[in-house]
């Protein structure tokens, strides 16, 4: 106990005398930033998940053609899940001699469990947000219905046999999905009125959606419980399964945020390693004395180890508290940009920050600490005796192990972890050797340089290994920033490209072939640019090489869903844009009986080129041979098809046409005239979905921007730790030079040169490294095209020189300000 | 004769020694490799130091004085020969064994005081006792600081003390653990002559009170004269 007291006393005195300030600051910043980032990402992800859940209006939905057993709802209740129910069906509305096919949705009182509805009462009124649907006896409608049926607010609309009062105009509905029921305008009624409409009869084509909300564990339990009980006509929907395009956007964003956090930890780790090295070197004398007084090596280790443990615990606790404040402040600042209900912070994120603090301290501070164990007691008589440096394997091995575990923890992906670590290490090694060679060249050039340059460059080449580590450390800081910037810009651009401003936001289906010419003209007259018209035949895949598909597919897979429903089958002579052949060849001449299959579906159903597929179209059957497999991107919001046939194959079957176009908000009213003139068509409005996705992207960008500031903050600690690590010898040398008559300006210029060159080289290294990492990530992991960024090569080195130069000079200001006499006397 | 029973943790080589020999060296040598070949710092030192003796080691700079006491105190290992302390060959011990031996038997006073700057006077004096796990460390340290005239300076840090006061703290620290042998390396080297004389008086008084074997390295002829025996080193050999 008395030894622990001694450790505490030494720690207390050291911290009071400022010995530990840099180390403590670096550690606190590391913990603060990782806690803040963990909390921020955690809360943002939860918020985004909740927002994404808005697309379902719940966390989990069971879709079924008939009511589900009451036992299911009892189970949900037992798991404390909130539940709601919607029933959707199509119905023809007739008012004032006008007819309109509408999609009716009857909602229970709990609806929507996630998200909200928006309504207005007049054209110019502000939208009202409501967290529940219409009351019994009233109905909410899309504005198009009012125009089409010559109705106004307060009028009565008869749905089936029930007359309901129109109380609001519906402008936003969270779970409006791009399926059949969204094609026609929405009528929202209360579940209590459903029976009175007498529309839903046994055998009616009705969709039931049972919606659930609750904590993740309960939802998982419920989902696993449900799965074996589902019959083939029932499906479980959640964000990752039901909206793959959103799922992948979230996964990508989560990965990116995780990687940014690791950069911050790594940079802070470098700062801690530097500060710990300085701490260790400044304790050689005290350690030698303790050894001289009879302290054994293990006792020395215990003495300093316990101090660092206490330090780590205290700094981690403080860092966690500061991290919590930082993210709370961040959410406060962003309150106008974020959704009104931000998910609460989870304690596990704080715990994560705490553990990171201790892990980083262990990984980066242990090797310098271990050096103290080897301090010779003879140092009390001969000060020049310093212990051997720690083994490079230990120093780098520990740091790499810690970072590796962190990367793996964030990415949960061994391949990505391997890529990041492998490329990063290789780049560091190659660049380290290059910088060392460059320093040797500079060393040779020394005699020919002017005094100020000679002093500056001498500062760099005197301890080449230390300079190499410093440059690599600064480079890492810059790499983090460059990567954040480059990947962020690229990532967002990539998404934006997928969703340009005039991306088609309306799909029109069921255009009868005779109407194609007239419909096209109508669009042209209204100056609406439409995409190509695709013929569509509705059919179902039933057999692959004479084996029924039900025997091939696994439950809940994409393949299962594709075989559960009718697919839109099309034909074309040319491979559509944004489709890429991955196997087989595209048909060149008019060859009947060939089909092209989308890659993921082909993988799920194990379809290969040359396989025979059998489809049913209406009551007839059709066979086709797989000519090729196509890759395509589902998140482009353009018409995409699982199955494309060669021309002529589907000629015998009745077909309709499908097209898409962009319509601005002002042009929305045109939909009414289109719907009137072409009563058979179905219009699918996807602009609301696009808007939701864009809002999500804007928030992701914002979050990533903030992560960048943490990287910057960590970068500052490296800079100061590096400067302070060499401060003692700099002050001593400065004092000697000044005693010999050197002017302050000479020292000042030499510092500017030294740190400027350091920053410049670091900047060049940073661009080289980030280009290598970006190349690896883009080509190997994200499958995106890589383009070198020439402007980075011009800007980053200059930023490095100015940034490192300014902060470095500020850091060594003591060299100019301390009295030379005092410095030399103190030795 | 000092009969401290110490456990040095390893098998000891028993060296035959007369009852009152506290240090005995045989054919002791230290050499280092340099670019110009082997450099002999000490050669063939045969030395016997009796319990309670006070010895001054003198010689010119570079004659090997500091190397000799670093070997005798177990701070360094010889290139040849043996050293026995209380009959136990320290040359056969590992570093931790020698550390334990230092903690039990040896005290030091240095030219540059070697106080830990972060600790107060009393905390510095407590150190050797605390390393030994002594529960009365504070009381003993306070008492000894009183004895060296620093009762009013207990909570001062080295920076707040004059050179003479710092060396008195160092003396208190050296004697507080009741060492059998005290090594002093130029104890007055950093002090003015008046303060140096006071420190010398105090050193010899304490030495007498604690019956310690004193081995000191000095350039100061008057200090050497106060020792019972003087050993002169020249180019690494005893004259």
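The values are calculated or read from the model by the stated rules, or taken from the named source; none is laboratory data. The shown structure was predicted, so the numbers you read here are calculated from the model rather than taken from an experiment. Glycine also receives a Cβ, built like all others from the backbone with ideal geometry; neighbour counts cover every protein chain displayed.
Can you pull out the residues in region A:548-570 that are at pLDDT 85 or above and closer than 17 Å to residue A:612 by Cα?
If we filter region A:548-570 for residues that are at pLDDT 85 or above, which is where we start, we get A:569-570.
Scanning region A:548-570 gives a single hit, A:569.
Restricting to region B:66-81, name every residue that is touching a residue at least 40 places away in the same chain (Cβ under 8 Å) and surrounded by fewer than 18 Cβ atoms within 10 Å (Cβ to Cβ).
B:79, B:80 - these are the residues of region B:66-81 that are touching a residue at least 40 places away in the same chain (Cβ under 8 Å) and surrounded by fewer than 18 Cβ atoms within 10 Å (Cβ to Cβ).
Cβ contacts < 6 Å: first residue on the phi > 0 side of the Ramachandran plot, restricted to region A:419-444; second residue assigned to a helix (DSSP H, G or I) and loosely packed, with under 15 Cβ neighbours inside 10 Å, any location; separation 6+ or different chain. Result?
The qualifying pairs do not exist here.
Cβ contacts < 9 Å: first residue assigned by TED's automatic domain parsing to the domain that holds residue A:548, restricted to region A:579-607; second residue in a helix (DSSP H, G or I) and modelled with pLDDT of 85 or more, any location; separation 6+ or different chain. Result?
The qualifying pairs are A:580/A:599; A:582/A:599; A:582/A:602; A:583/A:599; A:583/A:602.
Select the helices (runs of 4 or more DSSP H) contained entirely in region A:281-386, then report the ones holding at least 3 residues which are within 14 Å of another protein chain (Cβ to nearest Cβ) and within 30 Å of residue B:70 (Cα to Cα). Working first, answer last.
Values: elements: A:284-292, A:297-333, A:347-373.
Fully inside region A:281-386 and qualifying: A:284-292, A:297-333.
If residue B:234 satisfies all but one of (1) under 18 Å from the mean Cα position of the chain (by Cα); (2) farther than 18 Å from residue B:49 by Cβ, what's the number of the condition it fails?
(1)
Does region A:79-87 include one or more residues that are at positive phi, modelled with pLDDT of 75 or more and more than 14 Å from every other protein chain (Cβ to nearest Cβ)?
Quick first cut of region A:79-87, residues at positive phi only: A:80.
Right, trim to modelled with pLDDT of 75 or more and you get A:80.
Next, only the ones that are more than 14 Å from every other protein chain (Cβ to nearest Cβ) stay: A:80.
Yes, some residue in region A:79-87 is at positive phi, modelled with pLDDT of 75 or more and more than 14 Å from every other protein chain (Cβ to nearest Cβ).
Give the number of residues within region B:117-138 that are closer than 18 Å to residue A:284 by Cβ and touching a strand residue (DSSP E or B) at 6+ places or on another chain (Cβ under 8 Å).
So the answer is 0.
In region B:66-78, what count of residues is obtained for those that are in a helix (DSSP H, G or I) and facing another protein chain (nearest Cβ under 10 Å)?
First, pick out the residues of region B:66-78 that are in a helix (DSSP H, G or I): B:66-72.
From what's left, facing another protein chain (nearest Cβ under 10 Å): B:66-67, B:69-71.
The total comes to 5.
Does residue A:17 satisfy being more than 39 Å from the chain's Cα centre (by Cα) and modelled with pLDDT under 80? Let's see the steps before the verdict.
Numbers: more than 39 Å from the chain's Cα centre (by Cα): yes; modelled with pLDDT under 80: yes.
Yes, satisfied.
Condition first: in contact with a strand residue (DSSP E or B) (Cβ under 8 Å, 6 or more places away or on another chain) and surrounded by fewer than 17 Cβ atoms within 10 Å (Cβ to Cβ). Now tell me which residues in region A:592-605 satisfy that.
Correct list: A:593 only.
Take the residues in region B:220-237 that are touching a helix residue (DSSP H, G or I) at 6+ places or on another chain (Cβ under 9 Å) and at pLDDT below 90; name whichever of them is surrounded by the fewest Cβ atoms within 10 Å (Cβ to Cβ).
My answer is B:222.
Of all helices (runs of 4 or more DSSP H) completely enclosed by region A:166-239, which ones contain at least 3 residues that are at pLDDT below 75 and out of contact with any helix residue (DSSP H, G or I) (no Cβ under 7 Å at 6 or more places or on another chain)?
Values: elements: A:180-183, A:194-197, A:216-226.
The qualifying helices (runs of 4 or more DSSP H) are A:180-183.
How many residues does region A:616-642 contain that are modelled with pLDDT under 90 and not in a loop (DSSP other than H, G, I, E, B)? Write out each step before concluding.
Just the residues of region A:616-642 that are modelled with pLDDT under 90, to begin with: A:616-622, A:631-642.
Narrowing further to those that are not in a loop (DSSP other than H, G, I, E, B): A:616-617, A:620-622, A:631-632, A:634-636.
The number of residues fulfilling the criteria is 10.
Looking at region A:734-749, I want the residues that are surrounded by fewer than 17 Cβ atoms within 10 Å (Cβ to Cβ) and have a partner that is assigned to a helix (DSSP H, G or I) and modelled with pLDDT of 80 or more with Cβ atoms under 6 Å, at least 6 apart or on another chain. Which pairs are those?
From residues that are surrounded by fewer than 17 Cβ atoms within 10 Å (Cβ to Cβ), the pairs are A:744/A:816; A:746/A:452.
Residues that are surrounded by 16 or more Cβ atoms within 10 Å (Cβ to Cβ), within 12 Å of chain A (Cβ to nearest Cβ), within 17 Å of the chain's Cα centre (by Cα) and in contact (Cβ under 8 Å) with a residue 12 or more places away in the chain: does region B:54-65 have at least one?
Just the residues of region B:54-65 that are surrounded by 16 or more Cβ atoms within 10 Å (Cβ to Cβ), to begin with: B:54-59, B:63-65.
Filter again for within 12 Å of chain A (Cβ to nearest Cβ), leaving B:65.
Restricting the remaining residues to those that are within 17 Å of the chain's Cα centre (by Cα) gives B:65.
Add one more test, that the residue is in contact (Cβ under 8 Å) with a residue 12 or more places away in the chain, and what stays is B:65.
So far as region B:54-65 goes, yes, one or more of its residues are surrounded by 16 or more Cβ atoms within 10 Å (Cβ to Cβ), within 12 Å of chain A (Cβ to nearest Cβ), within 17 Å of the chain's Cα centre (by Cα) and in contact (Cβ under 8 Å) with a residue 12 or more places away in the chain.
Could you figure out which of (1) under 28 Å from the mean Cα position of the chain (by Cα); (2) modelled with pLDDT of 70 or more isn't true of residue A:701?
For residue A:701, the failing item is (2).
Please verify whether residue A:331 is more than 40 Å from the chain's Cα centre (by Cα) and assigned by TED's automatic domain parsing to the domain that holds residue A:408, treating the condition exactly as stated.
Numbers: more than 40 Å from the chain's Cα centre (by Cα): no; assigned by TED's automatic domain parsing to the domain that holds residue A:408: yes.
No.
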